[in-house]
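Trainee: The following block contains the structure, expressed as structure tokens.
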Amino acid sequence: MSGFLYRCRADENYTMLEMTNGIERIFGYPADEIIGNRTRTFTSIRYEEDVPLMDDVVGRALEGRTDWTMEYRIRHARDHLIWATETGGGIWDEKGELLYLEGSIINIESLYQRIDEQTADMRVTASKTNEILKSLRYQKLLAVNAGIEAARAGTAGSGFAVLAAEMRTLANSSEEAARAISDAQRKAQG
């Protein structure tokens, strides 16, 4: 599993009581350093900007006695951020008292990397589509000019008039296709 299982207290540090060794393989921290807050707290490795949302999600889930699922970033021991998804829930005793929290945290960094790559690819496609649209506008202008020159030439330019009309038709249909691609790109980017 590209993650780890945990059981922790429902305190401000999410003091770990138990956790599997997957945390070291993925995030670089030995489990025994975090269990019982021996060297560091679990809270200290969460990306600080994500903490308020995480605390809110857990708090609402505990109030409703439901499970939570959320995505956030953990600071790797080598000081880079890794995206993780957590699914967890509270464990209550027979009197309804919250005993602890338990769940799983899984590395989803590769998913976010693929999203970033696809977003970059979409930007390139959008840029190329804009270049095509500019080229088609120029082609339409050339078709208009060819039509004007064909009209000036009279019957001798009738072949150019047909060519100019075909160029306009091709440019218009190509422009429609390029605009559809451009619109789809914008829609996909949100």
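All of the numbers you see were taken from the coordinates with simple rules; none came from a lab. Everything numeric in this text was worked out from a predicted model, so none of it was measured. For neighbour counting, all protein chains shown are included, and Cβ atoms are generated from backbone atoms with ideal geometry for every residue, glycine included.
Trainee: Which percent of the Cα-Cα distances in region 117-189 go past 16 Å?
Mentor: Values: 1444 of 2628 pairs.
The proportion of pairs with Cα distances above 16 Å equals 55 percent.
Trainee: For Asp55, Asp79, Asp50, what's the fewest-to-most ordering of other Cβ within 10 Å of each Cβ? List each step's numbers first, then the result.
Mentor: Details: Asp55 14, Asp79 7, Asp50 17.
Final ranking by Cβ density, sparse to dense: Asp79, Asp55, Asp50.
Trainee: State to the nearest 20 debye the size of the charge dipole of region 3-107 about its Cα centre, where the only charges are +1 on K and R beta carbons and -1 on D and E beta carbons. Don't skip to the end; give the middle numbers.
Mentor: Values: 12 positive and 20 negative charges, 61 e Å.
Using Cβ point charges on Lys, Arg, Asp and Glu, region 3-107 gives about 300 debye.
Trainee: If R₀ is 45 angstrom, what is the calculated FRET efficiency for the pair Val162 and Arg114, using the beta carbon separation as r and rounding to 0.05? Walk me through the numbers on the way to the answer.
Mentor: Values: r = 49 Å, r/R0 = 1.10.
For Val162 and Arg114, the calculated efficiency is 0.35.
Trainee: Also, I was wondering about something else. Toward the positive end of the charge dipole of region 1-141, about the Cα centre and with charges on Cβ (Lys, Arg +1; Asp, Glu -1), which of Ser2, Gly89, Leu136 goes farthest?
Mentor: Final value for the positive-end residue is Leu136.
Trainee: Let me ask something additional. Across region 6-20, in residue order, what do the Karplus-derived ³J(HN,Hα) couplings come to in whole Hz, using 6.51 cos²θ - 1.76 cosθ + 1.60 with θ = phi - 60° and x for Gly and Pro?
Mentor: Once rounded to whole Hz, the list reads 8, 9, 9, 6, 8, 10, 5, 9, 6, 4, 6, 9, 8, 7, 7.
Trainee: Sort 91-102, 5-16 by packing, meaning the average of other beta carbons within 10 Å per residue, with the highest value first.
Mentor: Working: 91-102: 11.6, 5-16: 17.0.
Output ranking for 91-102, 5-16: 5-16, 91-102.
Trainee: Region 88-113 to region 4-67: how many Å between their Cα centroids?
Mentor: First find each Cα centre; the distance between them is then 9 Å.
Trainee: Quick one: which residues, 5+ away or cross-chain, put their amide H under 5 Å from the amide H of Ile108? H built at 1.01 Å from N.
Mentor: Answer set, sorted by chain and number: Trp83, Ala84, Thr85.
Trainee: Additional query: Could you list Lys187, Lys128 so that the one with the fewest beta carbons within 10 Å of its beta carbon is first and the one with the most is last? Could you put the intermediate results ahead of the total?
Mentor: Working: Lys187 8, Lys128 13.
Result, fewest neighbours first: Lys187, Lys128.
Trainee: Against the longest alpha carbon principal axis of the chain, how many degrees, from 0 to 90 and to the nearest 10, is the axis of helix 158-189 turned?
Mentor: 10
Trainee: Using the crude model of +1 on Lys and Arg Cβ and -1 on Asp and Glu Cβ, and no other charge, please compute the dipole size for the chain relative to its Cα centre, in debye to 20. Write down the numbers at each step before the final one.
Mentor: Values: 23 positive and 30 negative charges, 266 e Å.
Computed charge dipole of the chain: roughly 1280 debye.
Trainee: Let me ask something additional. Region 57-126: D in µm²/s via Stokes-Einstein (Kirkwood Rh, Cα pairs, 25 °C, 0.890 mPa s)? Each step should come with its number before you reach the end.
Mentor: Values: Rh = 14.5 Å.
Estimated diffusion coefficient is 169 µm²/s.
Trainee: What FRET efficiency would be calculated for the residue pair Met70, Arg38, taking the C-beta separation as r and a Förster radius of 22 Å, to the nearest 0.05? Don't jump to the answer; show the numbers that get you there.
Mentor: On the way: r = 26 Å, r/R0 = 1.17.
My answer for the efficiency is 0.30.
Trainee: Then there is this: Would you work out which of Phe42, Asn21, Met70 lies farthest towards the positive end of the dipole of region 18-79? Charges go on Cβ: Lys and Arg +1, Asp and Glu -1.
Mentor: Working it through, the farthest residue towards the positive pole turns out to be Asn21.
Trainee: May I pose another question? Could you compute the FRET efficiency for Arg186 and Glu102, with r as their C-beta to C-beta distance and R0 at 35 Å, rounded to 0.05?
Mentor: Working: r = 43 Å, r/R0 = 1.23.
So, using R0 = 35 Å, E works out to roughly 0.20.
Trainee: Can you give the convex hull volume of the alpha carbon atoms of region 1-118 per residue, in Å³?
Mentor: So the per-residue Cα hull volume is 107 Å³.
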